[in-house]
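Worksheet: the structure to be examined is printed underneath.
The values are calculated or read from the model by the stated rules, or taken from the named source; none is laboratory data. In this text the structure is predicted, and so the values were computed from the model without any measurement. Glycine gets a Cβ as well: all are built from the backbone with ideal geometry, and neighbour counts include every protein chain shown. Note: areas computed on protein heavy atoms with side chains; ligands, DNA, RNA excluded. Shrake-Rupley method; radii C 1.70, N 1.55, O 1.52, S 1.80 Å.
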Amino acid sequence: MRSPSDLADAFRSSGRKLTPQRERIFRILHDNPTHPTAEAVHAAVLVDMPSVSLRTVYSTLHDLADMGELVQLDLGTGSARFDPNVSEHHHLVCDACGLVQDIDLDVPDFPLPLDGAGGFRVDATQVVLRGRCAPCGDAVPPASSAR
Ligand SMILES: [Zn+2]
Ligand SMILES: [Zn+2]
């Protein structure tokens, strides 16, 4: 994702409406490593702009995704997550707290069986590693899962 001021220029030149609310959303997302949900972005905007609606947040996120500045991810955490890192990378996902973290991995090409994949052409490979982050892994398991 480009810098907030470059994004403001890109928004204007693509004929999209640029508002202080949208610029605030750009700054929240820029270099944001937390893969926030739309709700988390909304909560961060509300801190200093209490009248911004979740709908405004969604439309800004979708505009940014359309422009290729943001990737929408479904990592099985319950809500879509938004990632300003648009280069190819992989994710660690904590099944306990929903933490999503970037990870650089050398991923090999997975050879597809010639007859079985129906001529499918792979354009990208994204690996999601599920487990527990350090704080969740150290926590005492809840009583319901103890034997
Ligand atoms: Zn965790
Ligand atoms: Zn990421």
Among (1) open to solvent by 30 Å² or more (accessible area, probe 1.4 Å); (2) within 16 Å of ligand 1 (Cβ to nearest atom), where does P20 come up short?
-> (2)
Would you mind stating whether E88 is open to solvent by 30 Å² or more (accessible area, probe 1.4 Å), of a type in the set (D, E, K, R) and modelled with pLDDT of 95 or more?
-> no
For D63, which of the numbered conditions (1) acidic (D, E); (2) open to solvent by 50 Å² or more (accessible area, probe 1.4 Å); (3) touching a helix residue (DSSP H, G or I) at 6+ places or on another chain (Cβ under 9 Å) fails to hold?
-> (2)
The condition of being in contact (Cβ under 8 Å) with a residue 40 or more places away in the chain, under 30 Å from R2 (Cα atoms) and touching a Lys or Arg at 6+ places or on another chain (Cβ under 7 Å) holds, among V86, V100, V93, V128, only for V100
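Residue by residue, here is whether (1) free of Cβ contacts under 8 Å to residues at least 24 places away in the same chain; (2) over 14 Å from the mean Cα position of the chain (by Cα) holds:
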position	(1), (2)
V41	no, no
A44	yes, yes
H62	yes, no
S79	no, no
G119	yes, yes
Filtered residues of segment 66-85 (kept if part of a loop (DSSP other than H, G, I, E, B) and open to solvent by less than 30 Å² (accessible area, probe 1.4 Å)) | E69, L70, L75, P84
Scanning segment 123-138 for residues that are exposed (fewer than 10 other Cβ atoms within 10 Å of the Cβ) and either aromatic (F, W, Y) or over 19 Å from the mean Cα position of the chain (by Cα) (or both), the one nearest to ligand 1 (Cβ to nearest atom) turns out to be A134
Going through (1) more than 15 Å from ligand 2 (Cβ to nearest atom); (2) under 19 Å from T34 (Cβ atoms); (3) not charged (D, E, K, R) one by one, P111 fails only at (2)
Out of the residues in segment 34-60 that are open to solvent by 70 Å² or more (accessible area, probe 1.4 Å) and within 23 Å of S14 (Cβ to Cβ), state the one that is farthest from ligand 2 (Cβ to nearest atom).
-> R55
